[in-house]
Amino acid sequence: MTTLNSRIPEGPIKDKWTLYKDHIDLVNPANKRNIDIIVVGTGLAGGSAAATLAELGYNVKAFAYQDSPRRAHSIAAQGGINAAKNYMGDGDSNYRLFYDTVKGGDYRSREANVHRLAEVSGAIIDQCVAQGVPFARDYGGLLDNRSFGGVLVSRTFYAKGQTGQQLLLGCYSAMNRQIARGKIEMFNRHEMLDVVKIDGKARGIIARDLITGEIERHSAHAVVIATGGYGNVYFLSTNAMGSNATAAWKIHKKGAYFANPCFTQIHPTCIPRSGDYQSKLTLMSESLRNDGRIWVPAKIEDAKAIQQGKLKPTAIAEADRDYFLERRYPAYGNLVPRDVASRAAKERCDAGHGVNATGEAVYLDFAAAIHRYGSTKAKIQGHHNASKEEIIKLGEAVIEEKYGNLFQMYEKIIDENPYKTPMMIYPATHYTMGGVWVDYNLMTTVPGLYCIGEANFSDHGANRLGASALMQGLADGYFVLPYTIGDYLAGDIRTGKIPTDAPEFDEVEKSVKDQLEFFVNNKGTHSVDYYHKKLGLVMWNKVGMARNEKGLKEAIKEIQDIREDFWKNVKVPGSLNELNPELEKAGRVADFLELGELFAKDALEREESCGGHFREEHVTEDGEAKRDDVNFAYVAAWEYTGKPSEAILHKEQLEFKDIELKTRSYK
Ligand SMILES: Cc1cc2nc3c(=O)[nH]c(=O)nc-3n(C[C@H](O)[C@H](O)[C@H](O)COP(=O)(O)OP(=O)(O)OC[C@H]3O[C@@H](n4cnc5c(N)ncnc54)[C@H](O)[C@@H]3O)c2cc1C
């Protein structure tokens, strides 16, 4: 059994990262040329790591299942990226970012990692600006900031509603420089299907060329997994359709512990589900909560009339609207963290005040912001007697400048003009705080196997604050892993090339081929999506926004049953040696069917409510999450022993030396 050692350096929190860097082993430039590193995943985390490791002189082999790193799911990130630059002069600092993140995560993250994240956050912005990322600027040309949930400062840098795309283009250009120099060998359209360990260390991977179907062996001195989150275990989520857990789950089965799988983020501002045949949900960025006010009809009869299509929201008088976040959380209002906002919306909808035909939606209304911005604009332009229409026109132009692409997206999907009628939103699965357990070096419990970005269990505890995922992914890739991996590789400078003809490669390759052959030869009756949807329903209904003991026990049994049926009756058309998306999906859903069970088991074991994990048995009198710091202030790291039901729990006790453990309040 592996013992958990988080390897947090000694010293005061402010100095840990500096002291650590001062004392680690380094690899000299000549030796770096003899060391190979595999990076699986080239989203923002993997792309930034690959570019930086290659810049340092290592030989990098990078893998992605899309046709280009530019298509990684990171491209979808809309709202922004946090950094404690204090450009707005509103009192921000590294300490505040550190504090907000630990509090926002409901005190379930590792202090030392979060402080390091805050320390390097400013450098990320400098790096990206140097790459040419077109962050929004104010009138004077300086970088602009906006606010995100759970904080009282404006620290979010953004590029309209396309921040992820612009950051990814910056990262991709850094990668391209290395691809051109031959320091990164890029394997697009390749899917890692397993990791190969030799003498207990990660030494390579088995990958499938998704175009030809060929199975390939790749060796290296270290392997980095940067394959994103597992939100698609719910089938419907805001993640890209291809986002999956296969790499993370496969390494878990090879000895990497999986941490806090039940910590999932349900995002409050998504376009509501419209029917049974939907395959994807769409996010409306949290940045919209800067200006949008969230409400439901205060009177049940109004809500009913709206559900039946007999009443329009614009016809409801101000006094008959319940701005429930502003009412319940006056200090943070519409900018409470996501878990709090999602639960509050669910509570109102469950009480019958929801809108949309299903009753599962609340309004996000920009009328007040349009009026406010329009009035200011009119004054600036010297129109002191501007008419209501003129004010609205000016205000809409400001809103369009800030969020135009998001409004356009909404209108295309819902076919309603959100400048005139409030948007409808409802919570949806969005991000996974759980993931592969890593120590301070970002190394898993398998030596030489690292995990970064959303794929690791990360710095966000039980709830991630908005705009912090991009910060963490880029911190890991540009500024943390390039140091920490050197400390490990310094011990490998005499190893020489890792051969791919070792028996360990034979064995793993055989098991990969056996599984693929099983799928195409199993002439079953149901499609892969049939099983994925079934799993998703169980996850959403029993392991979703609210969980309880009975539901979780049922979920575990139901997932086991779905899995059993899957392995008997799944039907995968096509053959092995061709482009076969159904075959790709089959492997991914097989892994989700195991991960889903561990997820429910973890949720059952965690007898408290914290962040996105809401156990109905553990609630305060006013309906808020009730944490249990005496018994559950730990990271749950699960060891695979053959079946998810038999996974062994290891606890990494969390110590809060620099931030006092308090009840989280946004009131
Ligand atoms: C709609 C949306 C909006 C968001 N907006 C924001 C925001 O404004 N701010 C913010 O901070 N966060 C935001 N997030 C979260 C953030 O975008 C993600 O957490 C982050 O981009 C994840 O980056 P990553 O590099 O870890 O993974 P990804 O970007 O998911 O990249 C995964 C990579 O792994 C590869 N891969 C996966 N499996 C395999 C395999 N088996 N073999 C080979 N390659 C594989 C993929 O090809 C890809 O290259 C948003 C998320 C969503 C869904």
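The values are calculated or read from the model by the stated rules, or taken from the named source; none is laboratory data. Here the structure is a predicted model, which means the values were calculated and not measured. Reconstructed Cβ throughout: ideal geometry from the backbone, glycine too, with neighbour counts over all protein chains shown. Protein only, heavy atoms only, side chains kept; ligands, DNA and RNA dropped before computing areas. Shrake-Rupley method; radii C 1.70, N 1.55, O 1.52, S 1.80 Å.
Considering only residues in region 64-73 that are out of contact with any Cys (no Cβ under 8 Å at 6 or more places or on another chain) and touching a residue at least 12 places away in the same chain (Cβ under 8 Å), the one that is nearest to I266 (Cα to Cα) turns out to be H73. In region 96-111, the residues that are of a type in the set (D, E, K, R) form Cβ pairs under 6 Å with partners that are not in a loop (DSSP other than H, G, I, E, B), at six or more places apart or across chains, as follows: D106/C610; R108/C610. For the criterion of being more than 12 Å from the ligand (Cβ to nearest atom), in contact with a helix residue (DSSP H, G or I) (Cβ under 6 Å, 6 or more places away or on another chain) and of a type in the set (F, W, Y), F263 fails. Scanning region 61-90 for residues that are open to solvent by 40 Å² or more (accessible area, probe 1.4 Å) and farther than 23 Å from A245 by Cβ gives K85, N86, Y87, M88, G89, D90. One residue stands out among those in region 197-230 that are within 15 Å of the ligand (Cβ to nearest atom) and of a type in the set (S, T, Y): the one that is farthest from K61 (Cα to Cα), which is Y230.
Checked against (1) in a helix (DSSP H, G or I); (2) in contact (Cβ under 8 Å) with a residue 24 or more places away in the chain; (3) open to solvent by less than 50 Å² (accessible area, probe 1.4 Å), G551 passes all but a single condition, namely (2).
For region 579-623, filtering for residues that are touching a strand residue (DSSP E or B) at 6+ places or on another chain (Cβ under 9 Å) and among the polar types (S, T, N, Q) leaves 1.
Please work out which residue is farthest from the chain's Cα centre (by Cα), limiting yourself to region 407-435 and to residues that are among the charged types (D, E, K, R) and under 16 Å from E396 (Cα atoms). So that I can check it myself, show each step before the final result.
Here is the first cut: in region 407-435, the ones among the charged types (D, E, K, R) are 411-412, 415-416, 420.
Those still in the list that are under 16 Å from E396 (Cα atoms) too: 411, 416, 420.
Values: E411: 26, E416: 29, K420: 32 Å.
Once the filter is applied, the top-ranked residue is K420.
Would you pick out the residues in region 431-441 that are more than 8 Å from the ligand (Cβ to nearest atom) and either assigned to a helix (DSSP H, G or I) or surrounded by 24 or more Cβ atoms within 10 Å (Cβ to Cβ) (or both)? Spell out the reasoning first.
The first filter runs over region 431-441 and keeps only residues more than 8 Å from the ligand (Cβ to nearest atom), leaving 432-441.
Residues satisfying the conditions are T432, M433, G434, G435, V436, W437, V438.
Scanning region 615-639 for residues that are farther than 15 Å from T663 by Cα and crowded, with 22+ Cβ neighbours inside 10 Å yields R615, V635, A636, A637, W638.
So that you can scan it fast, the table gives a plain yes or no per residue for (1) touching a strand residue (DSSP E or B) at 6+ places or on another chain (Cβ under 6 Å); (2) under 28 Å from L470 (Cβ atoms):
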| position | (1), (2) |
| --- | --- |
| I8 | no, yes |
| H23 | no, no |
| N34 | no, no |
| I37 | yes, yes |
| G41 | no, yes |
| A50 | yes, yes |
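The number of residues in region 128-141 that are at pLDDT 95 or above, part of a loop (DSSP other than H, G, I, E, B) and either of a type in the set (S, T, N, Q) or farther than 21 Å from R289 by Cβ (or both) comes to 3. Of everything listed in (1) within 25 Å of T227 (Cα to Cα); (2) at pLDDT 95 or above, the single unmet condition for S285 is (2). Of all residues in region 573-615, those satisfying the criterion of being among the aromatic types (F, W, Y) and under 23 Å from T641 (Cα atoms) are F592, F599. For first residues located in region 640-667 and under 18 Å from G611 (Cβ atoms), partners that are open to solvent by 70 Å² or more (accessible area, probe 1.4 Å) and lie 6+ apart or on another chain with Cβ distances below 7 Å form the pairs K667/P330.
I'd like to check which helices (runs of 4 or more DSSP H) are fully inside region 456-528 and have at least 2 residues that are farther than 30 Å from E286 by Cα and open to solvent by less than 10 Å² (accessible area, probe 1.4 Å). Spell out the reasoning first.
On the way: elements: 469-474, 481-489, 503-521.
So the answer is 481-489, 503-521.
Residues that are in contact with a Phe, Trp or Tyr (Cβ under 8 Å, 6 or more places away or on another chain), open to solvent by 50 Å² or more (accessible area, probe 1.4 Å) and away from the ligand (no atom under 11 Å from the Cβ) do occur in region 142-159. When A240 is tested against the conditions (1) assigned to a loop (DSSP other than H, G, I, E, B); (2) surrounded by 24 or more Cβ atoms within 10 Å (Cβ to Cβ); (3) within 11 Å of the ligand (Cβ to nearest atom), the lone failure is (2).
Scanning region 278-292 for residues that are assigned to a loop (DSSP other than H, G, I, E, B) and within 15 Å of the ligand (Cβ to nearest atom), which turns out surrounded by the fewest Cβ atoms within 10 Å (Cβ to Cβ)? I'd like the intermediate steps shown before the answer.
Quick first cut of region 278-292, residues assigned to a loop (DSSP other than H, G, I, E, B) only: 278-282, 284-285, 291-292.
Now restrict to residues that are within 15 Å of the ligand (Cβ to nearest atom): 279-282, 284-285.
On the way: S279: 10, K280: 13, L281: 23, T282: 17, M284: 28, S285: 25.
Residue satisfying both the conditions and the ranking: S279.
Within region 442-455, being open to solvent by less than 10 Å² (accessible area, probe 1.4 Å) and under 22 Å from Y234 (Cβ atoms) holds for C451, G453, A455.
Only one entry of A361, A368, A428 meets the criterion of being surrounded by fewer than 16 Cβ atoms within 10 Å (Cβ to Cβ) and touching a residue at least 60 places away in the same chain (Cβ under 8 Å), and that entry is A368. Counting the residues of region 640-653 that are in a loop (DSSP other than H, G, I, E, B), touching a Leu at 6+ places or on another chain (Cβ under 9 Å) and either open to solvent by 50 Å² or more (accessible area, probe 1.4 Å) or of a type outside the set (G, A, S) (or both) gives 1. Within region 243-256, restricting attention to residues that are buried (at least 24 other Cβ atoms within 10 Å of the Cβ) and assigned to a loop (DSSP other than H, G, I, E, B), the residue that is nearest to the ligand (Cβ to nearest atom) is N244.
Screening E390 against (1) farther than 26 Å from N145 by Cβ; (2) open to solvent by 40 Å² or more (accessible area, probe 1.4 Å); (3) not in a helix (DSSP H, G or I) leaves a single unmet condition, (3). Between K32, K61, the distinction of being basic (K, R), within 15 Å of the ligand (Cβ to nearest atom), within 29 Å of D209 (Cβ to Cβ) and in contact (Cβ under 8 Å) with a residue 24 or more places away in the chain belongs to K61 only.
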